[in-house]
1. Quick check on the stretch 87-108. Is at least one of its residues part of a strand (DSSP E or B) and over 24 Å from Ile206 (Cβ atoms)?
2. So Gly174 ticks every box in (1) open to solvent by less than 50 Å² (accessible area, probe 1.4 Å); (2) in contact with a Gly (Cβ under 6 Å, 6 or more places away or on another chain); (3) of a type outside the set (Lys, Arg) but one. Which box is left unticked?
3. So which residues in the stretch 109-129 are in a helix (DSSP H, G or I) and not acidic (Asp, Glu)?
4. Applying the selection to the stretch 188-216, what residues are out of contact with any Gly (no Cβ under 9 Å at 6 or more places or on another chain), open to solvent by 90 Å² or more (accessible area, probe 1.4 Å) and either β-branched (Val, Ile, Thr) or not in a helix (DSSP H, G or I) (or both)?
5. Sort out which residues of the stretch 83-119 are under 19 Å from Phe210 (Cβ atoms), in contact with a strand residue (DSSP E or B) (Cβ under 9 Å, 6 or more places away or on another chain) and basic (Lys, Arg), and write them in order of number.
6. If I ask for residues that are under 16 Å from Val195 (Cα atoms) and buried (at least 18 other Cβ atoms within 10 Å of the Cβ), which ones from the stretch 120-148 would you list?
7. Going through the stretch 149-162 one residue at a time, which ones are surrounded by 21 or more Cβ atoms within 10 Å (Cβ to Cβ) and either aliphatic (A, V, I, L, M) or more than 18 Å from Arg126 (Cβ to Cβ) (or both)?
8. Considering only the stretch 130-159, state which residues are touching a strand residue (DSSP E or B) at 6+ places or on another chain (Cβ under 9 Å) and outside any helix (DSSP H, G or I).
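The values are calculated or read from the model by the stated rules, or taken from the named source; none is laboratory data. These numbers were taken from a predicted model, which means no experiment stands behind them. Positions of Cβ are backbone-derived with ideal geometry, glycine not excepted, and every protein chain shown enters the neighbour counts. These area figures cover heavy atoms from the full protein model, side chains too; ligands, DNA and RNA do not enter into them. Shrake-Rupley method; radii C 1.70, N 1.55, O 1.52, S 1.80 Å.
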Amino acid sequence: MHMQASRVRGVYDFCTWPKTAKSVTSVKTLWNGACAATGAGMYAALIMESHTAPCASRSLEHRNATMTTDEYFMRLALEQAEKAFAGNEIPVGAVLVRDNRVVAASHNRREQFHDPTAHAELAVLREGGIKSGNWRLADAVLYVTKEPCVMCAGAMVNARLGRLVYGCRDERYGAVASRYQLLHDPALNHQVRVVSGVMENECADILRRFFVKLRL
């Protein structure tokens, strides 16, 4: 159920988005084209506009549906990372999702706010708690483009986060798998389910581009 995205294989049906889709706009075009044959194009457009994963309610085999949903929301997190890139922030973006709807979306803003805690993950956890009126986020999924640091991983444990999906690893500072394994630590009072490697190349590429730009 919670297998690594890289292990998902097989032929998906028409509502699974191709990996060649480069943006939410292109995904919408592809999805509406596929739905046209079923007369569901208008419904699909409404779903996409409300940031709800279009295949979530369909009777797909579960891991295929999970893969589709995870890619969709990771694309939204990448859009946030692009905003960070444009603002000369380390390009990490995050979205918090509940019931297949985006509750909060943000990106790194340390330079903008002069705040060492202004990471994308903390921003969406904070906003999600405020909007839901509950700091416990056990029924939420957090999508982030890079493996969280110690600070953000600790906040996820404290928020009782239900599930984390991240893109690329952070070999130096990652606190989920690379350097530390805080989200699976049996000594803590909560463990978070994790899926890694979703759109890993795209998530790593924006970081590479940013640090190349810094060296110019």
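1. Keep residues of the stretch 87-108 that are part of a strand (DSSP E or B), which gives 93-98, 101-107.
Then drop every residue that is not over 24 Å from Ile206 (Cβ atoms), which leaves 98, 101.
Scanning the stretch 87-108, I find at least one residue that is part of a strand (DSSP E or B) and over 24 Å from Ile206 (Cβ atoms), so the answer is yes.
2. Going through (1) open to solvent by less than 50 Å² (accessible area, probe 1.4 Å); (2) in contact with a Gly (Cβ under 6 Å, 6 or more places away or on another chain); (3) of a type outside the set (Lys, Arg) one by one, Gly174 breaks only (2).
3. Narrowing the stretch 109-129 to residues in a helix (DSSP H, G or I): 110-113, 120-129.
Answer for the stretch 109-129, where residues must be in a helix (DSSP H, G or I) and not acidic (Asp, Glu): Arg110, Gln112, Phe113, Ala120, Leu122, Ala123, Val124, Leu125, Arg126, Gly128, Gly129.
4. The answer is Asn189, Leu216.
5. Lys83 - this is the single residue of the stretch 83-119 that is under 19 Å from Phe210 (Cβ atoms), in contact with a strand residue (DSSP E or B) (Cβ under 9 Å, 6 or more places away or on another chain) and basic (Lys, Arg).
6. If the condition is that a residue be under 16 Å from Val195 (Cα atoms) and buried (at least 18 other Cβ atoms within 10 Å of the Cβ), then Glu121, Ala140, Val141, Leu142, Tyr143, Val144, Thr145, Lys146, Glu147, Pro148 are the ones that fit.
7. Those that are surrounded by 21 or more Cβ atoms within 10 Å (Cβ to Cβ) and either aliphatic (A, V, I, L, M) or more than 18 Å from Arg126 (Cβ to Cβ) (or both): Ala153, Met156, Ala159, Leu161.
8. Leu137, Asp139, Ala140, Val141, Leu142, Tyr143, Val144, Thr145, Lys146, Glu147, Pro148, Ala159
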